[in-house]
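This report refers to the structure that appears directly beneath it.
The values are calculated or read from the model by the stated rules, or taken from the named source; none is laboratory data. Being a predicted model, the structure only gives us computed values, none of them experimental. Counting neighbours? That spans all protein chains shown, and the Cβs are built from the backbone with ideal geometry, glycine included.
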Amino acid sequence: MGLWKSTATTLEMIKWEHSIFALPFALTGAVLAAGTWPSARVLIWIIVCMVSARSAAMAFNRLVDARLDAANPRTASRALPAGALTGGFVAGFVLVAASVFFLGAAMLNRLTLELAPVALAVVLLYSYMKRVTRWSHLVLGLALGIAPAAAWIAVRGTLDPRIIILTLAVLLWVAGFDVLYACQDFEHDRRVGLNSVPQAFGLNGAFWIARLMHAGMLVTLYWLVGSFHLGGVAKIGIAVVGVLLLYEHLIVSPRDLRRMNAAFFTLNGVISVVFFLFIATDVLLRH
C-alpha cells in the first residue's frame, strides 16, 4: 500500500474530523483568555496542537487495542485488525503526529512546550485505562478536558484556576457520552473481562451515571458563567446545550442502542460548536 493511501486509511481509522468534539472547547478557552479573538497566529498553532495531539492519541489507541478490536465483532473491521494497515506504519504516524504537536507547542510559548509532554502522556495513557479501572471514561474526559486549559496557557503563558472549571465541564461531558457509547460493548466487555461502567453496573446503571455526569456538566457550565461574569447570551447557550443533551438521552435507552452513533457523533459535535458560538458571542459583545 502506498504512503498516501496508507495515510488516508489512517486518517479514516482515527476519524480525524471528529477533532471538532474538543476543538470548540479549546477555542472557547482561547477566547476567554484573550477577552476577544486571539491573534490568527495563536489560533492556528492551537488548532495544529489540538488536531495533532488527538491524531496521535487515536492512532496510538488503535495500535494498542488492535488485538482487543480483532476479538470484538463491532470493531473487527477496523483497519489494523482487518489488515488494511500495518502496526509499523501506524506507530510511525503516531511519532509524526506527536512531533507536530511538540512543534506547535514550541511555537506558542515556553510553558506550553514545558507542559507538552504532560499533555501527551495524558492523551496516550488513556488507551491502557480500561485494562485497570472501570472509570477509564473519566480519563478520556480529562484527555479532552485539558484542551481549554491548554489553550488558555497558549494565549497567556500562565494558568488561571477559573479555566479549570471548563476542564471539569468537558471531563463530565466526554465521560458521560463515553459511558453511553461503551454500552454497545457491554456483553463483550463482561465476557473478556475489560473494565467499563456498563460492565460494572449494567446498562441501566450506566445510563443513570451518564445522566448524572451530564447534569453535573450543566451545573459546572453555569459556575463558569459566574466565574467569568458572562451574560445572558452565554446562559442561553448553556440552556441550548442542556436541550441537546436531553435529546441525546431521549433517542437512546438501555433497551434500544440503535441510534447511538447519531447521539455520539452528530449531537456531540453540534453541542461543542453551539457552546463555543454562544460563549464567544457573549465575550465579543462585552469586549
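Could you run through region 182-212 and say how many residues are under 16 Å from VAL139 (Cβ atoms), surrounded by fewer than 22 Cβ atoms within 10 Å (Cβ to Cβ) and in contact (Cβ under 8 Å) with a residue 60 or more places away in the chain?
Number satisfying all stated conditions: 3.
Taking only region 54-98 into account, find how many residues are within 20 Å of the chain's Cα centre (by Cα) and of a type in the set (S, T, N, Q).
Going through region 54-98 one residue at a time, the tally reaches 3.
Quick one: what pairs do we get from region 249-265, first residue surrounded by 15 or more Cβ atoms within 10 Å (Cβ to Cβ), second modelled with pLDDT of 85 or more and acidic (Asp, Glu), C-beta under 7 Å, 6+ apart or different chains?
Taking only residues 6 or more apart or on different chains, the pairs are ALA263/GLU248.
Restricting to region 59-106, what's the tally of residues that are of a type in the set (A, V, I, L, M, F, W, C), crowded, with 19+ Cβ neighbours inside 10 Å and assigned to a loop (DSSP other than H, G, I, E, B)?
Qualifying residue count for the region: 1.
Quick check on this structure: which one of ARG134, ARG191 is assigned to a loop (DSSP other than H, G, I, E, B) and either in contact with an Asp or Glu (Cβ under 8 Å, 6 or more places away or on another chain) or farther than 21 Å from GLY104 by Cα (or both)?
ARG134
Return the total of residues in region 31-58 being surrounded by fewer than 16 Cβ atoms within 10 Å (Cβ to Cβ), free of Cβ contacts under 8 Å to residues at least 60 places away in the same chain and hydroxyl-bearing (Ser, Thr, Tyr).
Residues in region 31-58 being surrounded by fewer than 16 Cβ atoms within 10 Å (Cβ to Cβ), free of Cβ contacts under 8 Å to residues at least 60 places away in the same chain and hydroxyl-bearing (Ser, Thr, Tyr): 1 in total.
Go through region 202-241 and report how many residues are among the hydrophobic types (A, V, I, L, M, F, W, C) and not in a helix (DSSP H, G or I).
Total satisfying the criteria: 2.
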